[in-house]
1. Over the Cα atoms of segment 87-133, what is the Rg over Rh ratio if Rh follows Kirkwood?
2. To the nearest µm²/s, what D does Stokes-Einstein give for segment 185-270 at 10 °C and 1.306 mPa s, using the Kirkwood radius over alpha carbon pairs as Rh?
3. Under the Kirkwood approximation applied to all pairs of distinct alpha-carbon atoms, what is the hydrodynamic radius of segment 142-298 in Å?
4. In whole Hz, with x marking every Gly and Pro, tabulate ³J(HN,Hα) for segment 117-131 from phi via Karplus 6.51 cos²θ - 1.76 cosθ + 1.60, θ = phi - 60°.
5. Can you pull out the GluC sites (Glu not before Pro) in segment 191-274 whose DSSP state is coil and whose Cβ has at most 14 other Cβ atoms within 10 Å?
6. Write down the percent of antiparallel bridges among all DSSP beta bridges whose residues are both part of segment 1-116, to the nearest 5.
7. Quick one: what does P(r) look like for the chain with 10 Å bins over all Cα pairs, in whole %?
8. Suppose R0 equals 35 Å. What FRET efficiency, 1/(1 + (r/R0)^6) with r the Cβ-Cβ distance, do Glu212 and His337 give to the nearest 0.05?
Amino acid sequence: MAAGHAFMARALRLAERGRWTTDPNPRVGCVLVRDGEIVGEGWHQRAGGPHAERVALAQAGERARGASAFVTLEPCSHHGRTPPCADALISAGVARVVAAMIDPNPRVAGRGLERLREAGIAVEVGLLAEQAAALNPGFIKRQRTGLPFCRVKLAASLDGRTAMASGESRWITSEAARADVQRLRAGASAILTGSGTLLADDPSLNVRLTAEALGLPPGEAVRQPLRVIVDSRLRTPPTARLLGLPGATLIACATDEPARRAALEAAGAQVLVCPAPDPSQDPTKDRTETHVDLSTLFGELARRELNEILIEAGPTLAGAALQAGLVDELILYLAPHLMGDAARGLFRLPGLTQMAERVPLEIHDVRRIGPDLRLTLRPTPR
């Protein structure tokens, strides 16, 4: 059993190597073992490329016959971008398959394991399942719920302030914390912000790390996440910095403005009109103002196979996403200084007037990043 744990742990470390490149596919690793010796191993590197099992089988060759395969996700049983991995394992003569978890994809969801059993291969599932699931929170949530996994990145002073009253916010946290955020961006499928942040800061919302910094082959192009702007009234100027950068930009609006839309599309943006919620159904909303329906937007992002969304926005949009139940995780960088009670806060959460209405959070991780603290928190059910 200890050896099995070690082989699956190796497969998990291999899967981790695909963190920056496999999107929208899951990160998967595979180790082939015969007579206690690793004879082949591999990981899925990018969508459209060979899956982890096929890479490991190619490395093992004839030594795969009679081997045990330790794989972090159930081998696929359907034709997607590549042929089924379950069939490849059967053809190679593998004797045993140990899968960390069942594939949440409804097209697989146990069918791959069943095909292996029908071929006479011994099958086990569940070894280091929690660690395997942690590798692919976005893929798992998208397959199970039709929504992406959403992180909100926040930077604040110790008194919870994100900008001075004037709007000045550069820089709250250290260079080390900002470099850490670049890794969050690199792992995201999309980075989402609001029109207020865009108009105030003209951000780039891109990944500025090199391939070498991410452990990729030197010179390899770094994947740029989709940039998403929540802009109810299409106030984004066609001259916005991010529209001139590599990668795609999607602007979500509440109502169509044909002239503004045409100008933005000419500048390279995609424009998506999301049905606005009925203000009469939400007493906290201004009935004279239309808003992007965030739930509709997130559903569309999932349909576009976007697994993990990183929100980098002001308190209004961050608060709206939290109140809509769309936020799965918060990454909060706390800097060791105070900004005063006139400065701006982390979230705009209208309607909270009693202690019973507080938003409960669970701390999952605390660590030091340079001089700052990084807290990883998740909303908990009331």
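Readers should treat all values here as calculations from the given coordinates under stated rules, not as data from a laboratory. Here the structure is a predicted model, which is why all the values come from computation and not from measurement. Here the Cβ positions follow ideal geometry from the backbone for every residue, glycine too, while neighbour counts run over all protein chains shown.
1. Numbers: Rg = 10.8 Å, Rh = 11.1 Å.
Reported Rg/Rh (Cα atoms, Kirkwood Rh): 0.97.
2. 116 µm²/s
3. Details: mean 1/r = 0.0571 Å⁻¹.
The Cα-based Kirkwood calculation yields 17.5 Å.
4. Listing the rounded values in order: 4, 4, 8, x, 8, 5, 10, 10, 9, x, 6, 6, 4, 5, 5 Hz.
5. Values: sites: Glu212, Glu220, Glu265; in loops: Glu220.
Sites meeting the loop and neighbour criteria: Glu220.
6. On the way: 10 of 14 bridges.
Restricted to segment 1-116, the bridges split so that about 70 percent are antiparallel.
7. 5, 21, 28, 23, 15, 7, 1, 0
8. Numbers: r = 33 Å, r/R0 = 0.94.
With a Förster radius of 35 Å, E is 0.60.
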